[in-house]
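Single-structure report; data block below.
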Amino acid sequence: MKLVIGATGFLGSRVTRQLVESGEHVRVLVRATSNTRAIDDLDVERVVGDLFDSDALASAMSGCEVVYHCAVDARAWLTDGSVLDRTNVDGVRSVLDVAARADLRKFVFTSSIATIGRRPDAIVDETDEFNWHHEANDYIRSRVAGEDVALGYGRDGRVPVVALCVANTYGPGDYLPTPHGSFVAGAALGKLPFTVRGMRTESVGVDDAAAALRLAADKGRVGERYIIAESQIDLDEVVSIAAGIAGRREPRLVLHKPTMYAIGAVGSLRSRLTGATPKLSVQTVRLMHQMSQMDHRKAVRELGWEPAPVADAVRAGARFWLDLAARRTAAGAGPS
C-alpha cells in the first residue's frame, strides 16, 4: 500500500495517477474541503483528515510501506510567514512524528529547488547548501526550514526520508493553475495579454517529476536530496509553445525584466501602504529568474531518472487546457 499526502495538488495528483496506473494499491489523505477533481476518476482509498490530525494520519499510514508527502503551501506571494510555516514546516513535522511510529520503507518528501544554494555563473548541485537568506522571502524560508526538518528525521534514523528538490512543473492536470502554469493556460486559450522575456527558470515535466518520486521510493538514499529539474526555460518560450499548440499568435506586448521589476516594486509599495498581498512583488519577480543552472545527474545516476525535454510537457499542458475548454463548451458551461 502506498500513501499520497497532498494527492489533490498538481504534482501529488500525478503521482497518485501513476501509482494507480501501475497497479499499486493507493491510499490518499484528503481534507473534507479538498477539491478532488484531479483524482476523482481513480480507484483509491480515501482517508479524511489534515496534516495535524494524528489519528487520521496514523490510520492513513497503517499498512503502508511508502509515503509520498506532496502537501505544500506554494503561495510564494504571501507576506504572513506564519501561514506558510503552518503547512510547510509545522505540518511536515506533524506528519513525520506520526511516520516515526509507522513501519515505513521510505518517506518521499517533496522539497524545492529553492533550497539549493546559488553560485554566480556556475552550475549547482545537491552539495550546494542554501546561501541566499538575505534575499529569500517567507515562502523560500518556509521551504528551507521544511526540508531541514524532513532531512533531520532521515539522518537521525527516525524516518527513512528522501528529499526531492523539484523545479517548476509543467504538464497536464494543472487545474488551479500554478502561477507559471497560468502562462500556459492563458496562451493556449488566447487570454494572455502579454508575454515575459528574460525570465528563465529551472523547470521539469510534472509527469517526469512524479516518476522521480516513484523512483526515489525504491532507489533513493535515506537522508539525501535529489535535484528534479530538466532544464531552464524562458517564460517567453513557454508562451510561444503553448500559443503554437493552439494555433494562436503570441501576445504582441512583451514585458522585459526591468518592467517586471517596476510592476513588482509597485506591488511591494502597495503591500506596505495597504497591507494587501500582491502576487507580484520585487521578491516574487526575483524568484522567477534568480536560481542558478542546476545539475540533475545525481537523480539520473542513482535513481535511473530519464526526463524528457520540458518543452514537451508545456505542449501537453497546452493540450490539456484546450481539451478542458472543449469539454466545458460541449457541456454547456462555456470555455474555460
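What pairs come out if I take residues in segment 189-204 that are farther than 22 Å from residue 329 by Cα and pair them with residues that are of a type in the set (D, E, K, R) and modelled with pLDDT under 90 whose C-beta lies under 7 Å away, six or more apart or interchain?
From segment 189-204, the pairs are 198/257; 199/257.
Being buried (at least 17 other Cβ atoms within 10 Å of the Cβ), farther than 17 Å from residue 25 by Cα and of a type in the set (Gly, Ala, Ser) is the filter here, so list the residues in segment 48-71 that pass it.
49, 56, 71
Please identify the pairs in which a residue from segment 205-232 that is over 17 Å from residue 3 (Cβ atoms) has its Cβ atom under 6 Å from the Cβ atom of a residue that is crowded, with 24+ Cβ neighbours inside 10 Å and of a type in the set (D, E, K, R), counting only partners at least 6 apart or on another chain.
Sorted first by the residue in segment 205-232, then by its partner, the pairs are 206/14; 207/14; 229/202; 232/202.
Every residue, every condition in (1) part of a helix (DSSP H, G or I); (2) modelled with pLDDT of 95 or more; (3) surrounded by fewer than 17 Cβ atoms within 10 Å (Cβ to Cβ), yes or no:
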position	(1), (2), (3)
280	no, no, no
283	yes, no, no
290	no, no, yes
323	yes, yes, yes
332	no, no, yes
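Do you know which residues across segment 60-74 are over 11 Å from the mean Cα position of the chain (by Cα) and over 12 Å from residue 4 (Cβ atoms)?
The answer is 62, 63, 65.
Would you pick out the residues in segment 1-45 that are more than 19 Å from residue 104 (Cα to Cα) and among the basic types (Lys, Arg)?
If the condition is that a residue be more than 19 Å from residue 104 (Cα to Cα) and among the basic types (Lys, Arg), then 14, 17, 31, 37 are the ones that fit.
Starting from residues that are of a type in the set (Gly, Ala, Ser) and under 20 Å from the mean Cα position of the chain (by Cα), keep the ones in segment 83-111 and report whichever is nearest to residue 178 (Cα to Cα).
111
Residue under question is residue 101, and the condition is that it be in contact (Cβ under 8 Å) with a residue 40 or more places away in the chain, in a loop (DSSP other than H, G, I, E, B) and within 22 Å of residue 155 (Cβ to Cβ); does it hold?
Yes, satisfied.
Suppose we filter 190, 223 for residues that are closer than 17 Å to residue 298 by Cβ and not aliphatic (A, V, I, L, M); which single one remains?
From the options 190, 223, the qualifying one is 223.
Out of 14, 37, 31, report the one residue that is surrounded by fewer than 24 Cβ atoms within 10 Å (Cβ to Cβ), out of contact with any His (no Cβ under 8 Å at 6 or more places or on another chain) and touching a residue at least 40 places away in the same chain (Cβ under 8 Å).
After applying the criteria, what remains is 37.
Within segment 104-116, can you find the residues that are buried (at least 23 other Cβ atoms within 10 Å of the Cβ) and not in a helix (DSSP H, G or I)?
Of everything in segment 104-116, those that are buried (at least 23 other Cβ atoms within 10 Å of the Cβ) and not in a helix (DSSP H, G or I) turn out to be 107, 108, 109, 110, 111, 112, 116.
What's the number of the condition residue 1 fails, among (1) without any contact (Cβ under 8 Å) to a residue 60 or more places away in the chain; (2) surrounded by fewer than 18 Cβ atoms within 10 Å (Cβ to Cβ); (3) more than 30 Å from residue 135 (Cα to Cα)?
(1)
Taking residue 83 and the conditions (1) buried (at least 24 other Cβ atoms within 10 Å of the Cβ); (2) among the aliphatic types (A, V, I, L, M); (3) in a helix (DSSP H, G or I), which numbered condition does it fall short on, given that it satisfies the others?
Of the numbered conditions (1) buried (at least 24 other Cβ atoms within 10 Å of the Cβ); (2) among the aliphatic types (A, V, I, L, M); (3) in a helix (DSSP H, G or I), the odd one out for residue 83 is (1).
What tally of residues in segment 10-46 results from selecting those that are in contact with a strand residue (DSSP E or B) (Cβ under 7 Å, 6 or more places away or on another chain) and part of a helix (DSSP H, G or I)?
7
Search segment 303-317 for residues that are more than 16 Å from residue 239 (Cβ to Cβ) and pair each with any residue that is of a type in the set (S, T, N, Q) when their beta-carbon atoms are under 9 Å apart and the residues are at least 6 apart or on different chains.
Close Cβ pairs satisfying both conditions: 307/231; 309/231.
The values are calculated or read from the model by the stated rules, or taken from the named source; none is laboratory data. These figures come from a predicted structure and were not determined experimentally. Virtual Cβ from ideal backbone geometry, glycine too; neighbours counted across all protein chains shown.
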